[in-house]
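Scroll down for the structure; my scribbles are underneath it.
The values are calculated or read from the model by the stated rules, or taken from the named source; none is laboratory data. Computed from a predicted structure; not experimentally measured. Glycine gets a Cβ as well: all are built from the backbone with ideal geometry, and neighbour counts include every protein chain shown.
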Amino acid sequence: MKPPLTRDMISIGSPLPCDLRNEAGRIVFRKGFVINTEASLKRLLAMGLFPDNDMVSPADDSQAAGLLQGRGPFRKIEYWADQTHECFNRLVTGNHQQQQDAIHELIASLRELFLEHRTACLAAIHFNHNRPYSCLHPIYSLFLAELFSHARGHDEDTARQLAGAAFTANLGMFEFHDEWANLEGPLDEEQQSQRLAHPEKSVLRLRSAGIDDHLWLDTVLQHHELADGSGYPTGLAGKAISGGARLLAVIDRYLAFIIPRRGRNPSHHPTTALKILYEDPARYEQEIVSTFIHELGVYPPGTLVVLVNGEIAVVTRLETGDSLHPHVLSLGFAGGDRLARPMPRDTREPPYRIRDIHLAGEDEGITAARVADAWL
(Lines give C-alpha, C1' and ligand atoms only; values in the text may rest on other atoms or scores of the structure.)
Protein backbone atom coordinates (compact mmCIF):
# COMPACT_ATOMS: atom_id res chain seq x y z
CA MET A 1 0.00 0.00 0.00
CA LYS A 2 1.21 3.50 -0.78
CA PRO A 3 2.07 5.83 2.12
CA PRO A 4 -0.81 8.08 3.23
CA LEU A 5 -1.11 11.75 2.44
CA THR A 6 0.94 14.07 4.66
CA ARG A 7 0.88 17.81 5.36
CA ASP A 8 4.00 18.59 3.35
CA MET A 9 2.41 17.24 0.16
CA ILE A 10 -0.21 20.01 -0.05
CA SER A 11 -0.04 23.80 -0.18
CA ILE A 12 -3.07 25.90 0.71
CA GLY A 13 -4.31 27.78 -2.34
CA SER A 14 -2.41 25.57 -4.82
CA PRO A 15 -3.89 22.80 -6.98
CA LEU A 16 -3.46 19.22 -5.80
CA PRO A 17 -0.53 17.69 -7.70
CA CYS A 18 -2.24 14.31 -8.06
CA ASP A 19 -5.48 12.44 -7.43
CA LEU A 20 -6.26 11.37 -3.85
CA ARG A 21 -7.84 7.98 -3.23
CA ASN A 22 -9.48 6.35 -0.22
CA GLU A 23 -8.63 2.90 1.14
CA ALA A 24 -10.95 1.25 -1.39
CA GLY A 25 -9.01 2.87 -4.24
CA ARG A 26 -11.82 5.25 -5.19
CA ILE A 27 -10.81 8.76 -6.26
CA VAL A 28 -12.10 11.25 -3.67
CA PHE A 29 -10.31 14.42 -4.80
CA ARG A 30 -9.04 14.89 -8.34
CA LYS A 31 -5.75 16.41 -9.38
CA GLY A 32 -6.11 20.20 -9.62
CA PHE A 33 -8.58 20.55 -6.74
CA VAL A 34 -7.70 23.56 -4.54
CA ILE A 35 -7.72 23.50 -0.73
CA ASN A 36 -8.37 27.08 0.34
CA THR A 37 -8.21 27.07 4.14
CA GLU A 38 -6.17 25.52 6.93
CA ALA A 39 -9.35 24.07 8.44
CA SER A 40 -10.21 22.33 5.15
CA LEU A 41 -6.68 20.98 4.94
CA LYS A 42 -6.87 19.53 8.45
CA ARG A 43 -10.16 17.82 7.64
CA LEU A 44 -8.74 16.41 4.42
CA LEU A 45 -5.69 15.00 6.20
CA ALA A 46 -7.97 13.36 8.77
CA MET A 47 -9.67 11.34 6.01
CA GLY A 48 -6.67 9.02 5.65
CA LEU A 49 -6.34 9.43 1.88
CA PHE A 50 -3.55 8.20 -0.36
CA PRO A 51 -1.83 10.22 -3.12
CA ASP A 52 -1.81 8.74 -6.59
CA ASN A 53 1.86 9.56 -7.06
CA ASP A 54 2.06 7.76 -10.37
CA MET A 55 0.06 10.65 -11.83
CA VAL A 56 -2.16 8.29 -13.79
CA SER A 57 -4.34 10.18 -16.25
CA PRO A 58 -8.09 9.41 -16.39
CA ALA A 59 -7.74 8.03 -19.91
CA ASP A 60 -5.02 5.54 -18.95
CA ASP A 61 -6.00 4.53 -15.43
CA SER A 62 -6.41 0.75 -15.25
CA GLN A 63 -6.38 0.26 -11.49
CA ALA A 64 -9.05 -1.72 -9.69
CA ALA A 65 -11.06 1.32 -8.64
CA GLY A 66 -13.51 0.55 -11.42
CA LEU A 67 -12.40 3.10 -14.05
CA LEU A 68 -13.85 2.11 -17.37
CA GLN A 69 -10.89 2.69 -19.67
CA GLY A 70 -12.52 4.34 -22.63
CA ARG A 71 -15.47 2.00 -23.08
CA GLY A 72 -18.71 3.32 -24.50
CA PRO A 73 -20.96 6.00 -23.00
CA PHE A 74 -19.76 5.30 -19.45
CA ARG A 75 -16.25 6.42 -20.30
CA LYS A 76 -17.69 9.49 -22.01
CA ILE A 77 -19.42 10.35 -18.75
CA GLU A 78 -16.10 10.08 -16.92
CA TYR A 79 -14.43 12.25 -19.55
CA TRP A 80 -17.07 14.97 -19.14
CA ALA A 81 -16.79 14.66 -15.36
CA ASP A 82 -13.10 15.51 -15.68
CA GLN A 83 -13.94 18.46 -17.93
CA THR A 84 -16.56 19.62 -15.43
CA HIS A 85 -13.95 19.56 -12.68
CA GLU A 86 -11.56 21.71 -14.71
CA CYS A 87 -14.25 24.22 -15.70
CA PHE A 88 -15.73 24.58 -12.20
CA ASN A 89 -12.29 24.80 -10.62
CA ARG A 90 -11.43 27.72 -12.91
CA LEU A 91 -14.63 29.50 -11.88
CA VAL A 92 -13.97 28.92 -8.18
CA THR A 93 -10.43 30.30 -8.44
CA GLY A 94 -11.69 33.48 -10.12
CA ASN A 95 -10.75 32.69 -13.71
CA HIS A 96 -14.03 33.58 -15.43
CA GLN A 97 -12.59 34.31 -18.86
CA GLN A 98 -14.36 32.31 -21.58
CA GLN A 99 -16.09 30.12 -18.99
CA GLN A 100 -19.54 30.98 -20.34
CA ASP A 101 -18.68 29.15 -23.56
CA ALA A 102 -17.16 26.26 -21.60
CA ILE A 103 -20.30 25.87 -19.48
CA HIS A 104 -22.57 25.94 -22.51
CA GLU A 105 -20.36 23.42 -24.33
CA LEU A 106 -20.42 21.03 -21.38
CA ILE A 107 -24.19 21.24 -21.08
CA ALA A 108 -24.75 20.78 -24.81
CA SER A 109 -22.39 17.80 -24.93
CA LEU A 110 -24.05 16.11 -21.95
CA ARG A 111 -27.54 16.69 -23.35
CA GLU A 112 -26.44 15.19 -26.64
CA LEU A 113 -24.95 12.21 -24.80
CA PHE A 114 -28.26 11.69 -22.99
CA LEU A 115 -30.19 11.90 -26.24
CA GLU A 116 -27.95 9.27 -27.86
CA HIS A 117 -27.56 6.94 -24.86
CA ARG A 118 -30.54 7.65 -22.64
CA THR A 119 -30.75 4.25 -20.94
CA ALA A 120 -26.99 4.00 -20.39
CA CYS A 121 -26.93 7.50 -18.88
CA LEU A 122 -29.72 6.56 -16.48
CA ALA A 123 -27.88 3.34 -15.63
CA ALA A 124 -24.69 5.26 -14.88
CA ILE A 125 -26.51 7.23 -12.19
CA HIS A 126 -27.13 4.01 -10.32
CA PHE A 127 -23.71 2.31 -10.57
CA ASN A 128 -20.98 4.43 -12.15
CA HIS A 129 -19.52 6.45 -9.26
CA ASN A 130 -15.87 6.45 -10.30
CA ARG A 131 -15.32 10.18 -10.20
CA PRO A 132 -15.57 12.61 -7.27
CA TYR A 133 -19.08 13.47 -6.10
CA SER A 134 -18.62 17.14 -7.03
CA CYS A 135 -18.18 16.16 -10.69
CA LEU A 136 -20.79 13.40 -11.00
CA HIS A 137 -23.59 15.14 -9.10
CA PRO A 138 -23.91 17.96 -11.70
CA ILE A 139 -23.91 15.48 -14.59
CA TYR A 140 -26.42 13.09 -13.06
CA SER A 141 -28.63 16.03 -12.04
CA LEU A 142 -28.60 17.17 -15.66
CA PHE A 143 -29.54 13.67 -16.90
CA LEU A 144 -32.53 13.55 -14.55
CA ALA A 145 -33.59 17.07 -15.56
CA GLU A 146 -33.43 15.98 -19.21
CA LEU A 147 -35.51 12.89 -18.42
CA PHE A 148 -38.13 15.10 -16.80
CA SER A 149 -38.15 17.62 -19.66
CA HIS A 150 -38.62 14.86 -22.23
CA ALA A 151 -41.47 13.35 -20.20
CA ARG A 152 -43.23 16.70 -19.77
CA GLY A 153 -42.64 17.86 -23.34
CA HIS A 154 -40.80 21.04 -22.43
CA ASP A 155 -39.80 23.36 -25.25
CA GLU A 156 -36.10 23.52 -26.11
CA ASP A 157 -35.32 26.75 -24.31
CA THR A 158 -37.00 25.59 -21.09
CA ALA A 159 -35.27 22.20 -21.27
CA ARG A 160 -31.89 23.86 -21.89
CA GLN A 161 -32.23 26.22 -18.95
CA LEU A 162 -33.41 23.47 -16.58
CA ALA A 163 -30.47 21.33 -17.66
CA GLY A 164 -28.14 24.27 -17.06
CA ALA A 165 -29.61 24.92 -13.63
CA ALA A 166 -29.34 21.27 -12.65
CA PHE A 167 -25.72 21.19 -13.81
CA THR A 168 -24.61 24.35 -11.97
CA ALA A 169 -26.85 24.50 -8.89
CA ASN A 170 -24.06 23.54 -6.48
CA LEU A 171 -21.34 25.61 -8.11
CA GLY A 172 -21.34 27.86 -5.04
CA MET A 173 -19.96 25.06 -2.86
CA PHE A 174 -17.93 23.19 -5.43
CA GLU A 175 -14.67 23.61 -3.52
CA PHE A 176 -16.25 22.01 -0.43
CA HIS A 177 -18.54 19.39 -1.96
CA ASP A 178 -16.14 16.45 -1.99
CA GLU A 179 -14.87 17.20 1.49
CA TRP A 180 -18.41 17.34 2.90
CA ALA A 181 -19.52 14.24 0.98
CA ASN A 182 -16.75 12.28 2.68
CA LEU A 183 -17.31 13.50 6.24
CA GLU A 184 -18.35 10.88 8.77
CA GLY A 185 -20.06 13.37 11.09
CA PRO A 186 -22.25 16.46 10.71
CA LEU A 187 -21.03 19.76 9.30
CA ASP A 188 -19.62 22.23 11.79
CA GLU A 189 -20.96 25.78 12.20
CA GLU A 190 -18.70 27.30 9.54
CA GLN A 191 -19.53 24.55 7.05
CA GLN A 192 -23.26 24.93 7.71
CA SER A 193 -22.96 28.65 7.01
CA GLN A 194 -21.19 27.92 3.71
CA ARG A 195 -23.82 25.34 2.79
CA LEU A 196 -26.72 27.70 3.47
CA ALA A 197 -25.06 30.43 1.38
CA HIS A 198 -24.26 28.28 -1.64
CA PRO A 199 -27.41 28.92 -3.76
CA GLU A 200 -26.71 32.67 -3.75
CA LYS A 201 -23.02 32.07 -4.32
CA SER A 202 -23.81 29.80 -7.27
CA VAL A 203 -25.83 32.60 -8.86
CA LEU A 204 -23.00 35.10 -8.31
CA ARG A 205 -20.48 32.78 -9.94
CA LEU A 206 -22.79 32.12 -12.88
CA ARG A 207 -23.38 35.85 -13.40
CA SER A 208 -19.61 36.42 -13.26
CA ALA A 209 -19.24 33.81 -16.00
CA GLY A 210 -21.80 35.63 -18.18
CA ILE A 211 -24.86 33.43 -17.53
CA ASP A 212 -27.96 35.64 -17.37
CA ASP A 213 -30.90 33.34 -18.25
CA HIS A 214 -33.68 34.17 -15.77
CA LEU A 215 -35.20 30.69 -15.48
CA TRP A 216 -31.76 29.17 -15.02
CA LEU A 217 -30.67 31.62 -12.30
CA ASP A 218 -34.01 31.62 -10.45
CA THR A 219 -34.01 27.82 -10.39
CA VAL A 220 -30.46 27.73 -9.00
CA LEU A 221 -31.28 30.34 -6.36
CA GLN A 222 -34.35 28.45 -5.11
CA HIS A 223 -33.27 24.84 -5.57
CA HIS A 224 -33.10 24.15 -1.81
CA GLU A 225 -36.43 25.77 -1.00
CA LEU A 226 -39.08 23.25 0.13
CA ALA A 227 -42.84 23.39 -0.25
CA ASP A 228 -43.47 23.53 3.51
CA GLY A 229 -41.23 26.58 3.91
CA SER A 230 -38.43 24.70 5.70
CA GLY A 231 -35.85 25.19 2.96
CA TYR A 232 -33.28 27.88 2.28
CA PRO A 233 -31.99 30.52 1.57
CA THR A 234 -35.25 32.50 2.08
CA GLY A 235 -37.83 29.97 3.31
CA LEU A 236 -40.17 30.24 0.33
CA ALA A 237 -43.21 27.94 0.39
CA GLY A 238 -45.67 26.33 -2.01
CA LYS A 239 -46.11 27.85 -5.44
CA ALA A 240 -43.86 30.77 -4.51
CA ILE A 241 -41.07 28.33 -5.40
CA SER A 242 -40.47 28.04 -9.14
CA GLY A 243 -41.35 24.78 -10.89
CA GLY A 244 -37.72 24.30 -11.86
CA ALA A 245 -36.59 24.64 -8.26
CA ARG A 246 -39.22 22.14 -7.08
CA LEU A 247 -37.83 19.76 -9.70
CA LEU A 248 -34.23 20.21 -8.54
CA ALA A 249 -35.26 19.65 -4.91
CA VAL A 250 -36.47 16.17 -5.87
CA ILE A 251 -33.42 15.43 -8.03
CA ASP A 252 -30.96 16.56 -5.36
CA ARG A 253 -32.57 14.45 -2.65
CA TYR A 254 -32.84 11.39 -4.88
CA LEU A 255 -29.14 11.52 -5.72
CA ALA A 256 -28.25 12.02 -2.06
CA PHE A 257 -30.11 8.79 -1.28
CA ILE A 258 -28.61 6.57 -3.98
CA ILE A 259 -24.97 7.69 -4.44
CA PRO A 260 -22.46 6.12 -2.02
CA ARG A 261 -20.29 8.30 0.21
CA ARG A 262 -16.90 7.69 1.84
CA GLY A 263 -16.74 4.08 0.74
CA ARG A 264 -20.21 3.34 2.16
CA ASN A 265 -23.10 1.83 0.24
CA PRO A 266 -25.93 4.23 -0.67
CA SER A 267 -28.44 4.86 2.11
CA HIS A 268 -31.40 3.70 0.00
CA HIS A 269 -31.93 1.82 -3.22
CA PRO A 270 -33.77 3.70 -6.00
CA THR A 271 -37.23 2.25 -5.36
CA THR A 272 -37.11 3.13 -1.67
CA ALA A 273 -35.70 6.58 -2.42
CA LEU A 274 -38.61 7.43 -4.73
CA LYS A 275 -41.11 6.00 -2.24
CA ILE A 276 -39.72 8.20 0.54
CA LEU A 277 -39.96 11.30 -1.66
CA TYR A 278 -43.50 10.44 -2.79
CA GLU A 279 -44.62 9.97 0.80
CA ASP A 280 -43.36 13.43 1.77
CA PRO A 281 -45.75 15.72 -0.17
CA ALA A 282 -45.33 18.48 2.39
CA ARG A 283 -41.82 19.10 1.03
CA TYR A 284 -41.61 17.42 -2.39
CA GLU A 285 -44.16 17.79 -5.19
CA GLN A 286 -45.89 14.45 -5.80
CA GLU A 287 -46.48 15.11 -9.51
CA ILE A 288 -42.75 15.52 -10.05
CA VAL A 289 -41.92 12.37 -8.09
CA SER A 290 -44.65 10.48 -9.97
CA THR A 291 -43.06 11.46 -13.27
CA PHE A 292 -39.74 9.96 -12.13
CA ILE A 293 -41.46 6.81 -10.87
CA HIS A 294 -43.10 6.40 -14.28
CA GLU A 295 -39.93 7.12 -16.26
CA LEU A 296 -37.42 5.20 -14.10
CA GLY A 297 -39.69 2.28 -13.27
CA VAL A 298 -39.66 0.09 -10.20
CA TYR A 299 -36.14 -1.08 -11.10
CA PRO A 300 -34.27 1.74 -12.90
CA PRO A 301 -31.56 0.87 -15.43
CA GLY A 302 -28.27 0.14 -13.69
CA THR A 303 -29.99 -1.25 -10.60
CA LEU A 304 -28.54 -4.50 -9.26
CA VAL A 305 -31.17 -7.09 -8.36
CA VAL A 306 -31.21 -10.52 -6.74
CA LEU A 307 -33.07 -13.18 -8.71
CA VAL A 308 -35.03 -16.05 -7.15
CA ASN A 309 -32.22 -18.49 -8.03
CA GLY A 310 -29.71 -16.35 -6.12
CA GLU A 311 -28.00 -14.73 -9.11
CA ILE A 312 -27.07 -11.04 -9.10
CA ALA A 313 -28.21 -9.25 -12.26
CA VAL A 314 -28.13 -5.71 -13.60
CA VAL A 315 -31.19 -4.06 -15.11
CA THR A 316 -30.30 -3.07 -18.67
CA ARG A 317 -33.58 -1.63 -19.87
CA LEU A 318 -37.22 -1.38 -18.93
CA GLU A 319 -39.99 -3.44 -20.47
CA THR A 320 -42.66 -1.16 -21.91
CA GLY A 321 -45.83 -1.47 -19.89
CA ASP A 322 -44.34 -3.94 -17.40
CA SER A 323 -42.09 -2.22 -14.89
CA LEU A 324 -41.96 -5.31 -12.63
CA HIS A 325 -40.17 -7.41 -15.26
CA PRO A 326 -37.28 -5.42 -16.77
CA HIS A 327 -34.58 -6.77 -19.04
CA VAL A 328 -31.59 -7.98 -17.00
CA LEU A 329 -28.18 -9.57 -17.48
CA SER A 330 -26.98 -11.97 -14.81
CA LEU A 331 -23.44 -11.37 -13.50
CA GLY A 332 -23.14 -14.36 -11.17
CA PHE A 333 -23.72 -14.97 -7.50
CA ALA A 334 -23.14 -12.96 -4.32
CA GLY A 335 -19.72 -13.75 -2.89
CA GLY A 336 -17.83 -13.34 -6.15
CA ASP A 337 -18.79 -16.45 -8.12
CA ARG A 338 -19.38 -15.09 -11.59
CA LEU A 339 -20.76 -16.53 -14.80
CA ALA A 340 -18.30 -17.08 -17.63
CA ARG A 341 -20.15 -14.33 -19.49
CA PRO A 342 -23.16 -12.18 -18.57
CA MET A 343 -26.37 -13.98 -19.43
CA PRO A 344 -29.77 -12.50 -20.26
CA ARG A 345 -32.53 -13.65 -17.95
CA ASP A 346 -36.28 -13.42 -18.51
CA THR A 347 -37.59 -11.99 -15.26
CA ARG A 348 -41.08 -13.32 -16.03
CA GLU A 349 -39.85 -16.89 -15.59
CA PRO A 350 -40.07 -18.22 -11.98
CA PRO A 351 -36.32 -18.95 -11.43
CA TYR A 352 -35.38 -15.50 -12.71
CA ARG A 353 -38.01 -13.36 -11.09
CA ILE A 354 -36.66 -10.45 -9.09
CA ARG A 355 -36.54 -11.26 -5.38
CA ASP A 356 -34.85 -8.14 -4.02
CA ILE A 357 -32.62 -5.13 -4.69
CA HIS A 358 -28.89 -5.75 -4.24
CA LEU A 359 -26.69 -3.00 -2.82
CA ALA A 360 -23.29 -3.99 -4.14
CA GLY A 361 -20.05 -3.89 -2.21
CA GLU A 362 -16.63 -4.01 -3.79
CA ASP A 363 -15.79 -7.00 -1.58
CA GLU A 364 -18.35 -9.06 -3.48
CA GLY A 365 -16.71 -8.46 -6.83
CA ILE A 366 -19.68 -6.50 -8.19
CA THR A 367 -17.55 -3.55 -9.31
CA ALA A 368 -18.59 -0.75 -11.64
CA ALA A 369 -16.27 -2.16 -14.32
CA ARG A 370 -17.90 -5.58 -14.07
CA VAL A 371 -21.38 -4.10 -14.35
CA ALA A 372 -20.25 -2.05 -17.34
CA ASP A 373 -18.84 -5.17 -19.01
CA ALA A 374 -22.27 -6.74 -18.76
CA TRP A 375 -23.92 -3.59 -20.06
CA LEU A 376 -21.60 -3.20 -23.02
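Taken together, 134, 149 contain a single residue that is hydroxyl-bearing (Ser, Thr, Tyr), crowded, with 20+ Cβ neighbours inside 10 Å and touching a residue at least 24 places away in the same chain (Cβ under 8 Å), which is 134. Residue-level analysis places residue 249 among those that are farther than 27 Å from residue 344 by Cα and among the hydrophobic types (A, V, I, L, M, F, W, C). Considering segment 250-288, the residues that are in contact with a Lys or Arg (Cβ under 9 Å, 6 or more places away or on another chain) and among the aliphatic types (A, V, I, L, M) include one that is surrounded by the most Cβ atoms within 10 Å (Cβ to Cβ), namely 277. Of these, 159, 120, 108, 165, which one is modelled with pLDDT under 95 and either assigned by TED's automatic domain parsing to the domain that holds residue 259 or of a type in the set (D, E, K, R) (or both)? Answer to the check: 120. Among the residues making up segment 115-129, those that are under 19 Å from residue 83 (Cα atoms) and buried (at least 23 other Cβ atoms within 10 Å of the Cβ) are 121, 124, 125, 128. The numbered conditions (1) farther than 25 Å from residue 200 by Cβ; (2) touching a residue at least 12 places away in the same chain (Cβ under 8 Å) are all true for residue 267 except (2).
Annotation for segment 290-303: at least one member residue is over 20 Å from residue 245 (Cβ atoms), loosely packed, with under 14 Cβ neighbours inside 10 Å and either modelled with pLDDT of 95 or more or not hydroxyl-bearing (Ser, Thr, Tyr) (or both). Kindly establish whether residue 204 is in contact (Cβ under 8 Å) with a residue 60 or more places away in the chain and either on the phi > 0 side of the Ramachandran plot or in the same structural domain as residue 280 (by TED's automatic domain parsing) (or both). For residue 204, the condition - in contact (Cβ under 8 Å) with a residue 60 or more places away in the chain and either on the phi > 0 side of the Ramachandran plot or in the same structural domain as residue 280 (by TED's automatic domain parsing) (or both) - is not met. Taken over segment 304-330, the criterion of being of a type in the set (S, T, N, Q) and either within 24 Å of the chain's Cα centre (by Cα) or surrounded by fewer than 19 Cβ atoms within 10 Å (Cβ to Cβ) (or both) is satisfied by 309, 316, 320, 323.
Of the residues making up segment 232-248, none is of a type in the set (Phe, Trp, Tyr), farther than 30 Å from residue 367 by Cα and crowded, with 22+ Cβ neighbours inside 10 Å.
Go through the residues of segment 187-204 one by one and say whether even a single one is closer than 28 Å to residue 37 by Cα, part of a loop (DSSP other than H, G, I, E, B) and acidic (Asp, Glu). For segment 187-204, residues closer than 28 Å to residue 37 by Cα, part of a loop (DSSP other than H, G, I, E, B) and acidic (Asp, Glu): present. Within segment 230-258, being more than 19 Å from the chain's Cα centre (by Cα) and under 23 Å from residue 159 (Cβ atoms) holds for 239, 241, 242, 243. Applying the condition of being surrounded by 10 or more Cβ atoms within 10 Å (Cβ to Cβ) and farther than 17 Å from residue 179 by Cβ to segment 1-17 and asking which residue is modelled with the highest pLDDT yields 17.
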